[in-house]
């Protein structure tokens, strides 16, 4: 078998480059009655953080979590069938946690895929990996794509610390997926 080059951007075989200037999916005025999808990327504490945020959105904003799924590969963008599943069952998506270089880039790629599918997305990445997250946004034709930054690391937090982090991130998550101005 000849030597192969792995494309970490998830664009292997693409014949055209992404167009600059991603148009974000329309935002909701609020989250009352919103169907929320949570997509964790297998990173330690990602599922717990997203579940806590989902519970807070339900309790404080009247949203309902309709899909909770785990991506098979934290370093690759979400496959089209998974994006389609969220599009059919959700009004907004929250994904992450980008807590390393490749998973941060992949989380941003996922957010962009959801936006392109018409779903407002809140992407959570740790602040230590903004360079890779920003690079992926640029590679995907969305320079300056907004994602939520949280202090690094998330993986080593205790359950109580994850719950506290969810409370801290909630206003940024709400701002990212509604018509409120971002942080």
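Every read-out reported here was derived from the displayed coordinates using simple, explicitly stated rules and does not represent laboratory data. On a predicted model such as this, the values are computed, not experimentally measured, just so you know. Positions of Cβ are backbone-derived with ideal geometry, glycine not excepted, and every protein chain shown enters the neighbour counts.
Quick notes on this structure:
- Ellipticity estimate at 222 nm from DSSP helix runs (n ≥ 4, -39,500 (n - 2.57)) divided over the chain, nearest 500: -12500 deg cm²/dmol
- Here r is the Cβ-Cβ distance between residue 32 and residue 81 and R0 is 30 Å; the resulting FRET efficiency, rounded to 0.05, is 0.50.
- Of all the options 38, 49, 24, the one that moves most in a Gaussian network model of the chain with Cα springs shorter than 10 angstrom is 24.
- Remark: spin-label model distance residue 59-residue 42 equals 3.1 nm, labels positioned 7 Å along the Cα→Cβ axis.
- Largest mean-square fluctuation among 77, 120, 26, in a Gaussian network model of the chain whose springs join Cα atoms under 10 Å apart, belongs to 26.
- Degrees separating the helix 46-61 axis from the principal Cα axis of the chain, which is the longest one: 40 degrees
- Folded to 0 to 90 degrees: helix 159-177 orientation relative to the chain principal axis, Cα: 80 degrees
- Between the stretch 18-84 and the stretch 111-183, the alpha-carbon center distance in angstrom: 10 Å
- Largest GNM mean-square fluctuation across 59, 25, 51, computed for the chain with C-alpha springs under 10 Å, falls on 59.
- Relative contact order of the chain, taken over Cα pairs closer than 8 Å and 6 or more residues apart, is 26 percent.
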